[in-house]
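A short reminder: the numbers here are calculations on the coordinates, not readings from a lab. Here the structure is a predicted model, which means the values were calculated and not measured. A quick note on method: Cβ atoms are made from the backbone with ideal geometry, for glycine too, and the neighbour counts reach across all protein chains shown.
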Amino acid sequence: MAFESLSDKLQNIFKNLRSKGRLTEADVKASLKEVKMALLEADVSFKVVKQFMKAVQERAVGQDVLNGLNPGQMVIKIVNEEMVNLMGAETTEIALQPAGEITVLMMMGLQGAGKTTTTAKIAGKLKSKGRKPLLVACDIYRPAAIQQLQINGDKQGVEVFSMGDKNKPVNIAKAAIEHASKNGHNVVILDTAGRLHVDEDMMNELIEIKENVTVNQSLLVVDAMTGQDAVNVASMFDEKIGIDGVILTKLDGDTRGGAALSIRAVTGKPILYIGMGEKLSDLEQFYPDRMASRILG
Ligand code: GDP
């Protein structure tokens with residue numbers, strides 16, 4: 001289960017806090033130190049932990065809290081609220097153009113992150129909202145990728161546009177947009193190639209697409225199981241390509257929590273969706289408050 005160890009630790013810390021009637025400043029500081037350790041062990045970025053602890057400390061150590069009716073409960077409430085803030089506070093949707101125009105979404109991510117699966121999941125979500133998406137196979141390097149997209153597109157009842165593996169991705173993207181405008185599609189979702197690591201060729205290919213077609217949203221798919229690496233990947237993509245949002249996959253696994261808690265704070269970009277399984281229906285909107293509740297138990 002996701003966040004299990006972090007949740008257990010935080011729940012224990014909170015149990016201790018609740019069990020004490022009156023709290024001294026030292027009690028609160030000791031508890032917050034334990035919270036800090038738990039976050040670091042959950043692979044939350046050091047910088048983010050520091051920033052988070054500062055915000056909590058400023059609110060939790062004051063006289064108002066200590067002299068209040070239920071200081072333990074107050075501290076817990078503050079931790080909860082700051083955790084929600086860390087993850088962006090508000091739910092963010094994919095920004096779509098009006099239905100009469102074409103919205104181009106460029107999906108990016110490292111190999112294995114879940115990009116092709118997520119691309120098809122998003123197509124299904126948009127279809128159910130009344131949009132007419134077109135999936136586009138721009139990953140010309142992994143022979144199975146085109147086929148995988150086709151299979152997933154069929155399952156979702158969404159058309160897949162492919163030109164095989166002999167054309168440049170930027171040209172496939174251009175042709176797909178033309179096809180979309182002739183056939184009444186109003187969302188074009190580009191499934192670009194992933195690599196094992198961030199590399200120059202992959203970045204250049206994405207830059208070339210962005211320079212030559214109007215990409216409305218560049219969306220990055222990252223694997224929550226990779227913790228800090230996911231956060232670093234997000235930073236690199238944002239720096240080189242510019243990202244508008246993140247989809248965090250594999251939150252159904254036993255991820256520690258670092259990626260979910262750090263990505264927004266490090267990149268300033270929102271998590272839009274979370275992947276909760278391999279099935280094409282396993283994609284959920286990201287709610288910072290619900291995520292904090294899951295983590296805090
Ligand atoms: P890509 O290389 O980034 O396109 O990754 P794929 O879409 O091929 O996904 C890689 C693997 O991760 C596949 O086995 C997917 O079924 C699996 N996967 C994708 N998203 C999730 C998720 O949210 N949860 C789980 N458990 N598996 C996922």
Which condition from (1) closer than 24 Å to Glu278 by Cβ; (2) surrounded by fewer than 21 Cβ atoms within 10 Å (Cβ to Cβ); (3) more than 16 Å from the ligand (Cβ to nearest atom) is the one that Leu134 breaks? (2)
Would you say Asp139 is acidic (Asp, Glu), within 16 Å of the ligand (Cβ to nearest atom) and surrounded by 24 or more Cβ atoms within 10 Å (Cβ to Cβ)? yes
When every residue in the range 227-252 that is within 12 Å of the ligand (Cβ to nearest atom) and either part of a strand (DSSP E or B) or among the hydroxyl-bearing types (Ser, Thr, Tyr) (or both) is compared, the one farthest from Arg264 (Cα to Cα) is Thr249
Six or more apart or on different chains, Cβ atoms under 6 Å: show the pairs whose first residue is in the range 283-297 and in contact (Cβ under 8 Å) with a residue 24 or more places away in the chain and on the phi > 0 side of the Ramachandran plot and whose second is surrounded by fewer than 21 Cβ atoms within 10 Å (Cβ to Cβ) and part of a helix (DSSP H, G or I). Gly297/Ser7; Gly297/Gln11
What do you reckon, is Leu149 touching a Cys at 6+ places or on another chain (Cβ under 6 Å) and either closer than 13 Å to Val136 by Cβ or part of a helix (DSSP H, G or I) (or both)? no
Out of all the residues in the range 111-129, is one or more touching a residue at least 40 places away in the same chain (Cβ under 8 Å), buried (at least 24 other Cβ atoms within 10 Å of the Cβ), closer than 15 Å to Val187 by Cβ and away from the ligand (no atom under 14 Å from the Cβ)? no
